[in-house]
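Undergrad: Have a look at the structure that comes next, please.
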């Protein structure tokens, strides 16, 4: 867990510095906090850490491929969770686009891992499959809960609201991870301090990604955000083909096409 803790511990200073810059440097007001916000942020933080634990557990299995593929159902689960917890519904067209994009991601993953339909079906009975689905659930749950936290704040700036939400979440997660390491793996704390330069780079990259996610969660539905975030797989695919000259399967090509269609429909539906 030492490696996973770096993502939180070393992102914390950047999150706090960004919040300080916005409030002290640019004069933005801090949003008003409520008990509801605290509940949202604590549950969201725990959900994200649970996802991290489950993902590492998943990779410990020799047959984690099917579970990894099914963890990609996260976006579909976000649609359901957002409707239940935040009472936010997306249109029928947007829902179809999310399903198409998710299907594309699943097909891409299956093609990359050389999964056949038979192996996918047989893998549904494996323990790693349940863990994979749980990974998707807790990752999606954290996205919805963090959006709920941002929406519960009263503020006049999206930047300040998103920065405050991220800072509080990161501080809470850092405390949780530090306590865990101190009790279970104290040697890992020394390791993260020894390699602080590399850890700081990881923390900075994690903070950049997180603040972008949190700004987006503050602006619109988590389902839209997570679905559009799948475009990273398209960039990875293009890099593997154009830069590394890797061979791709027909499944991967079909998956990319479905992913692109889903994303384009989502964007057009949101714009118009």
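The values are calculated or read from the model by the stated rules, or taken from the named source; none is laboratory data. Treat the numbers as computed from the prediction; the structure is a model and nothing was measured. Positions of Cβ are generated from backbone atoms using ideal geometry, with glycine treated the same way; all protein chains shown enter the neighbour counts.
Undergrad: Kindly indicate which of 241, 248 is out of contact with any strand residue (DSSP E or B) (no Cβ under 7 Å at 6 or more places or on another chain), in a helix (DSSP H, G or I) and closer than 17 Å to residue 107 by Cβ.
TA: That would be 241, the only listed residue that is out of contact with any strand residue (DSSP E or B) (no Cβ under 7 Å at 6 or more places or on another chain), in a helix (DSSP H, G or I) and closer than 17 Å to residue 107 by Cβ.
Undergrad: Only one residue in 115, 106, 120 is within 20 Å of the chain's Cα centre (by Cα) and either part of a helix (DSSP H, G or I) or modelled with pLDDT under 95 (or both), so which one is that?
TA: When all the criteria are applied, what remains is 106.
Undergrad: Restricted to region 175-186, and to residues that are surrounded by fewer than 21 Cβ atoms within 10 Å (Cβ to Cβ), touching a residue at least 24 places away in the same chain (Cβ under 8 Å) and assigned to a helix (DSSP H, G or I), which residue is farthest from the chain's Cα centre (by Cα)?
TA: In this case the residue turns out to be 184.
Matching residues to (1) in a helix (DSSP H, G or I); (2) modelled with pLDDT of 95 or more; (3) within 30 Å of residue 189 (Cβ to Cβ):
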residue: 8; (1), (2), (3): yes, no, yes
residue: 13; (1), (2), (3): yes, yes, yes
residue: 17; (1), (2), (3): yes, yes, yes
residue: 24; (1), (2), (3): yes, yes, no
residue: 28; (1), (2), (3): no, yes, no
residue: 36; (1), (2), (3): yes, yes, no
residue: 43; (1), (2), (3): yes, yes, yes
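Undergrad: Out of the residues in region 141-160 that are within 22 Å of residue 203 (Cβ to Cβ) and over 17 Å from the mean Cα position of the chain (by Cα), which is surrounded by the most Cβ atoms within 10 Å (Cβ to Cβ)?
TA: 160
Undergrad: Just checking, which of 32, 73 is in contact with a strand residue (DSSP E or B) (Cβ under 6 Å, 6 or more places away or on another chain) and surrounded by fewer than 21 Cβ atoms within 10 Å (Cβ to Cβ)?
TA: Just a single option satisfies the conditions, and that option is 32.
Undergrad: Please specify each residue of region 202-238 satisfying the condition of being over 27 Å from residue 80 (Cβ atoms) and assigned to a loop (DSSP other than H, G, I, E, B).
TA: none
Undergrad: Which numbered condition in (1) at pLDDT below 90; (2) over 22 Å from residue 54 (Cβ atoms); (3) out of contact with any helix residue (DSSP H, G or I) (no Cβ under 6 Å at 6 or more places or on another chain) is the only one that residue 126 fails?
TA: Here residue 126 clears every test but (2).
Undergrad: Turning to a different aspect of this structure: What do you reckon, is residue 81 more than 19 Å from residue 210 (Cβ to Cβ), out of contact with any helix residue (DSSP H, G or I) (no Cβ under 9 Å at 6 or more places or on another chain) and part of a helix (DSSP H, G or I)?
TA: No: the conditions fail for residue 81.
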